[in-house]
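First the structure, in the form of structure tokens, and then the observations on it.
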Amino acid sequence: MRLRRFAMLVVLVLMLPLTGFAASRPTVTILAFAQGFAWPELFGSTGLERTEKLAELEDRLGVNIEIVWGDESTVRMKALTDLIAHTGRYDILMVGSDGGVQLYGWGGYLEPLDYYLENYPMEWFDPKEVFPKFLDANRMPPGGPLYALPYYSFGAGMIYRADIFERYGLTPPDTVDELFTVLQKLKEGLEKDGLDMYPITMRAAPGEEPSLDLLGFVYAYAGYPAIFEGGAVTIEEIKKTKAKPILNSEDFKKGFTAYVEILREYGPPGASNHTWVDMMNLYAAGKAVILMPSAINGYAAITITEDPAVKKYSRFALAPKGPSGKRIQSFWTFSLGINADSKHKLAAWKVLSYLCGREAIQAFAERTGWPNVPMRSVLYSQNLIDRYGLEQIELNEESIDIAEPYYFPYIPELPDFMDKIGTACSRAVAGEDIDKVLDELQLWALDRMFKAGYYR
């Protein structure tokens, strides 16, 4: 009996280190949207599963990994609350390169990643594999510390129906003048033939969303980021030159007006309330000939469509050039950063390097079939070449090469500007007078910048 008890005691003692080790592993918590879409190889098709791949990764890194999902608005609010309160509840957060990096990076809410890249290189993530612009877009200020890594990313482009273009003898427009000509011919042809389609779909819902595309039009028409005097885009430039907002100037108005008029004249009804989801669904349903300039939404449409013509005849082209000779922009990265208040920063870095590393991004490309990836090696992977052809892949790379990440200002007030500019666009598309809308926008912008202390 004593021997049996002794044997049991030995077994328990031997088990203690293992139990203690498992319990002592740090837990890294991720906050993100796109449940069931992002990293299903780890979290399953519902986003709530614990896959074998996840267990293997946890064991390999010596961490426990949890993820909290929500819709985009909810996730942004949760991130804002956690960061400002310095609670460190979430170790890795989805921040995005259209406001999150600018606000949180400058405010010291995100952990700079350059130190970890240099001192803790991980096998999954090699910065040399990433298109430089997708990393540059996650630095704040431009050229400063790196605050996030990209998971999927895109430059501007146009998805169009090649069969409809051929029907009316059209080719992809290289300039905005040609774009207006193409749109008019499409409108006339579709109406004459009784086809239930609209020439184009773009987004103009109230809030920040349209600004990503709208400001790309402003850039193409003005030839520079015409949001502040002199094209200033950084805090230092604005303060040094006392550059004021110019949102009711001719340089800003030309691109703004072109965007609004295209939707008024050639877009679908209700476009003033359309988000990227509406763009995607309209194109997927075969109701739009062109989707631009956020072509990624066209690729999403091709993935979900039940219309064989959409799947067979959709093509990618570069976004048209404006009168300045610069092309329309639309540039974004789904990027993730580390909470500066995380209690497990090194563990978070190891997890982040996997989430945005080559293996995860290759899995994204194979699962979605989208060529909107931040790594050239993945863009030229065989599954994407087989799906779209080498010429289409090369055009996607060109759209990245000619992209200008800083076509909007890199200042912590950017989320406010995106929200107000997008809402102004929505009002104008809905029929309000453009001059009135822009005058009100300019007054708001001046007040916002004075209150932020830029002109002291």
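The values are calculated or read from the model by the stated rules, or taken from the named source; none is laboratory data. Just so it is clear, the model here is predicted, and its values are computed rather than measured. Because the Cβ atoms are built from the backbone with ideal geometry, glycine has one as well, and the counts that use them run over all protein chains shown.
A few remarks follow.
- Some residue of the range 113-130 being among the basic types (Lys, Arg), surrounded by fewer than 24 Cβ atoms within 10 Å (Cβ to Cβ) and under 20 Å from the mean Cα position of the chain (by Cα): no
- Residue list for the range 209-238, restricted to those being among the hydrophobic types (A, V, I, L, M, F, W, C), part of a helix (DSSP H, G or I), under 25 Å from Lys451 (Cα atoms) and under 23 Å from the mean Cα position of the chain (by Cα): Leu212, Leu215, Ile235
- Tabulated pairs, the range 361-377, first farther than 13 Å from Ile296 by Cβ, second charged (D, E, K, R) and in a helix (DSSP H, G or I), C-beta under 6 angstrom, 6+ apart or interchain: Ala363/Glu41; Met375/Glu129; Ser377/Glu129
- Residue match in the range 325-345 (condition: among the small types (Gly, Ala, Ser), in contact with a strand residue (DSSP E or B) (Cβ under 6 Å, 6 or more places away or on another chain) and closer than 27 Å to Ala301 by Cβ): yes
- The set of residues from the range 414-436 being of a type in the set (A, V, I, L, M, F, W, C), buried (at least 21 other Cβ atoms within 10 Å of the Cβ) and within 18 Å of Ala226 (Cα to Cα) comprises Leu414, Phe417, Met418, Ile421, Ala424, Cys425.
- Residue check for Asp174: farther than 30 Å from Arg76 by Cβ, surrounded by fewer than 24 Cβ atoms within 10 Å (Cβ to Cβ) and under 25 Å from the mean Cα position of the chain (by Cα): yes
- Within the range 270-311, being among the charged types (D, E, K, R) and either buried (at least 21 other Cβ atoms within 10 Å of the Cβ) or touching a Ser or Thr at 6+ places or on another chain (Cβ under 9 Å) (or both) holds for Asp278, Lys287, Lys311.
- Residue check for Gly144: at pLDDT 95 or above, small (Gly, Ala, Ser) and closer than 20 Å to Glu237 by Cβ: yes
- In the range 82-114, of all residues being charged (D, E, K, R) and assigned to a helix (DSSP H, G or I), the one that is farthest from Ser153 (Cα to Cα) corresponds to Asp82.
- Ile402 being over 25 Å from Phe33 (Cα atoms) and touching a strand residue (DSSP E or B) at 6+ places or on another chain (Cβ under 8 Å): yes
- Residue check, Met94 hydrophobic (A, V, I, L, M, F, W, C), within 24 Å of Val373 (Cβ to Cβ) and out of contact with any Lys or Arg (no Cβ under 6 Å at 6 or more places or on another chain): yes
- Here the range 58-76 is the region considered, the condition is being of a type in the set (Asp, Glu) and not in a helix (DSSP H, G or I), and the residue that is surrounded by the most Cβ atoms within 10 Å (Cβ to Cβ) is Glu66.
Every residue, every condition in (1) touching a residue at least 12 places away in the same chain (Cβ under 8 Å); (2) within 18 Å of Gln442 (Cα to Cα); (3) in contact with a Pro (Cβ under 8 Å, 6 or more places away or on another chain); (4) not aromatic (Phe, Trp, Tyr), yes or no:
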{"site": "Leu179", "(1), (2), (3), (4)": "yes, no, yes, yes"}
{"site": "Lys185", "(1), (2), (3), (4)": "yes, no, no, yes"}
{"site": "Glu191", "(1), (2), (3), (4)": "no, no, no, yes"}
{"site": "Gly194", "(1), (2), (3), (4)": "no, no, no, yes"}
{"site": "Thr201", "(1), (2), (3), (4)": "yes, no, yes, yes"}
{"site": "Ala205", "(1), (2), (3), (4)": "yes, no, no, yes"}
{"site": "Glu208", "(1), (2), (3), (4)": "yes, yes, yes, yes"}
{"site": "Ile227", "(1), (2), (3), (4)": "yes, yes, yes, yes"}
{"site": "Gly231", "(1), (2), (3), (4)": "no, yes, yes, yes"}
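- Residue match in the range 428-444 (condition: among the aromatic types (Phe, Trp, Tyr) and either free of Cβ contacts under 8 Å to residues at least 40 places away in the same chain or assigned by TED's automatic domain parsing to the domain that holds Glu265 (or both)): yes
- Of all residues making up the range 127-171, the number that are free of Cβ contacts under 8 Å to residues at least 60 places away in the same chain, charged (D, E, K, R) and outside the structural domain of Ile30 (by TED's automatic domain parsing): 2
- Candidates are the residues of the range 239-269 that are β-branched (Val, Ile, Thr) and assigned to a helix (DSSP H, G or I); the one that is surrounded by the fewest Cβ atoms within 10 Å (Cβ to Cβ) is Thr241.
- Check on Asp251, modelled with pLDDT of 95 or more, within 18 Å of Ala428 (Cα to Cα) and assigned by TED's automatic domain parsing to the domain that holds Asp163: yes
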